[in-house]
Amino acid sequence: LILKMRYVIESSLSTDTPIMLINTHIGQPPGEEMGVDGAVFQSELLHLDNMGFKAIKVYINSPGGVVSDGYNIVSAILKSETPVDTYNVGMCASIAGAIFMAGRKRVMADYANLMMHPPGNSDDKKALGATKESIVTMLSSKAGIPSAEVDYLMDRTTWLNAAECYEKGFCTDIEVSSASNRKRMPVLNSTDAKTWKKSWKAANEILNSIFKTEKTFNM
């Protein structure tokens, strides 16, 4: 069976933990092309849920977008029987922040940010109020903090770094970037260091002999 899923890293399907990507805006805001289609993402995640994986990872770097598409993604993450862990790998803003908060484990890179603000792009004040209340519930219930505090932060369009998110309960873990991408780095032991030092000295002597000038000038 060959799966061609738009938002899944296909090479990861052979592992125990497939990775899904949210790396642009959510849905199709007015005047923009379609970003992450919430219904398609929902279908793909729930399909993975039936494939017997140990967990599913969702990497997110998004400015947000259409709330209704976000609802599809949030509900899929929450309803999945396979544990779904979310990773903020840059920015989780607006409804992308709510998607991030749906994860079992919510891991933020130490350089990442989370932003929350009131919903907009509508003249229907009642609809905007209901949407805001819904998002407040999403964020506060997962963080374990009072809804009034989330409401306060949203009203002021708040940006939070990883340390602030961890303190308030918006993320469960912080991934230290200095410890990443180091597994394949060569380890320089003492013997290698001595050999390298001798080679460097010999190379310097050769270069100095080439560029050495016979005349000196007084300035």
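The values are calculated or read from the model by the stated rules, or taken from the named source; none is laboratory data. Quantities reported herein were computed from a predicted structural model and do not represent experimental measurements. Methodologically, a virtual Cβ is constructed for each residue, glycine included, from the backbone with ideal geometry; neighbour enumeration extends over all protein chains shown. Note: accessible area is taken over every heavy atom of the protein model, side chains too, but ligands, DNA and RNA are not part of it. Shrake-Rupley method; radii C 1.70, N 1.55, O 1.52, S 1.80 Å.
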task = Output the strands (runs of 3 or more DSSP E) that fall wholly within region 20-112 and possess 1 or more residues being open to solvent by 20 Å² or more (accessible area, probe 1.4 Å), or say none.
result = 56-62, 84-93
message = Suppose we filter P119, P63 for residues that are modelled with pLDDT under 95, in contact with a helix residue (DSSP H, G or I) (Cβ under 8 Å, 6 or more places away or on another chain) and of a type outside the set (D, E, K, R); which single one remains?
response = P119
remark   = In region 87-120, residues that are among the small types (G, A, S) and in contact with a strand residue (DSSP E or B) (Cβ under 6 Å, 6 or more places away or on another chain) total 7
request  = With the checklist (1) touching a strand residue (DSSP E or B) at 6+ places or on another chain (Cβ under 9 Å); (2) open to solvent by 60 Å² or more (accessible area, probe 1.4 Å); (3) part of a helix (DSSP H, G or I); (4) not small (G, A, S) in hand, flag the one item I135 doesn't pass.
outcome  = (2)
